[in-house]
1. Report yes if GLU87 is modelled with pLDDT under 85 and either loosely packed, with under 14 Cβ neighbours inside 10 Å or out of contact with any His (no Cβ under 7 Å at 6 or more places or on another chain) (or both), otherwise no.
2. Between a residue in the range 21-44 that is under 20 Å from THR69 (Cα atoms) and any residue that is part of a helix (DSSP H, G or I) and of a type in the set (A, V, I, L, M), which pairs come within a Cβ distance under 9 Å, given they are 6 or more apart or on different chains?
3. What are the residue pairs meeting all of these: first residue in the range 85-102, first residue among the polar types (S, T, N, Q), second residue part of a loop (DSSP other than H, G, I, E, B) and at pLDDT below 95, Cβ atoms under 8 Å, and 6 or more apart or on different chains?
4. Evaluate the following for PHE104: is it surrounded by 15 or more Cβ atoms within 10 Å (Cβ to Cβ) and either at pLDDT 95 or above or among the aliphatic types (A, V, I, L, M) (or both)?
Amino acid sequence: MLRQQPPAHLPRHLLFAVLAYRLQAGELGDLDPATARLLRQIATGGGPLEASRLTEQLNCRKTELKLGTILMREWDAQAYRVMVVDEGFAWNGKTYDRLSKVAFAITGTNWNGPRFFGLRDKSAVETKP
C-alpha cells in the first residue's frame, strides 16, 4: 500500500495503525489543509513556546462533525455509540439536538457533551480566563 518496506524498528501494532489510517484517508479523504498546515508548523516549529501556542490553537478549535460520524464513549463499564445525523445526535433509538442531552441521558448528570465524548480538551477549557 505504501510502495515501500516498513522500517524494521516499527512495531506491528503501529504498522497496522499506519495502514488503517491510510485506508481511511483514501476512502474518506485526508486531513483538511488547515489541520495539515498546523501539524507541519508544530513539527517544524520554533521551539517550545511556538509549539505551545500552536497546540493551544489546535485544542481550542471547534470540532465540526460530519454526518455519519460515530462518537464512542465508555461509561460505567459500558460502551456507548452515538451517531451524528441531520437532526443532531442519534442514540438508543432517539434523536437529541445537543450532545449534552445525550451525555445526560447516558449518565443522569449534567455534562458538557463535547467534553464527555472527548471532543474538547479539559485543561484548555479550564485555563481560559
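The values are calculated or read from the model by the stated rules, or taken from the named source; none is laboratory data. Bear in mind that the values here come from a model prediction, so they are computed numbers and not experimental data. For neighbour counting, all protein chains shown are included, and Cβ atoms are generated from backbone atoms with ideal geometry for every residue, glycine included.
1. On the way: modelled with pLDDT under 85: no; either loosely packed, with under 14 Cβ neighbours inside 10 Å or out of contact with any His (no Cβ under 7 Å at 6 or more places or on another chain) (or both): yes.
No; evaluated as a whole, the condition is false for this residue.
2. ASP30/ALA36; LEU31/ALA25; LEU31/LEU39; THR35/LEU58
3. What qualifies is THR95/GLU87; SER100/ASN110; SER100/TRP111; SER100/ASN112.
4. Details: surrounded by 15 or more Cβ atoms within 10 Å (Cβ to Cβ): yes; either at pLDDT 95 or above or among the aliphatic types (A, V, I, L, M) (or both): yes.
For PHE104, the condition - surrounded by 15 or more Cβ atoms within 10 Å (Cβ to Cβ) and either at pLDDT 95 or above or among the aliphatic types (A, V, I, L, M) (or both) - is met.
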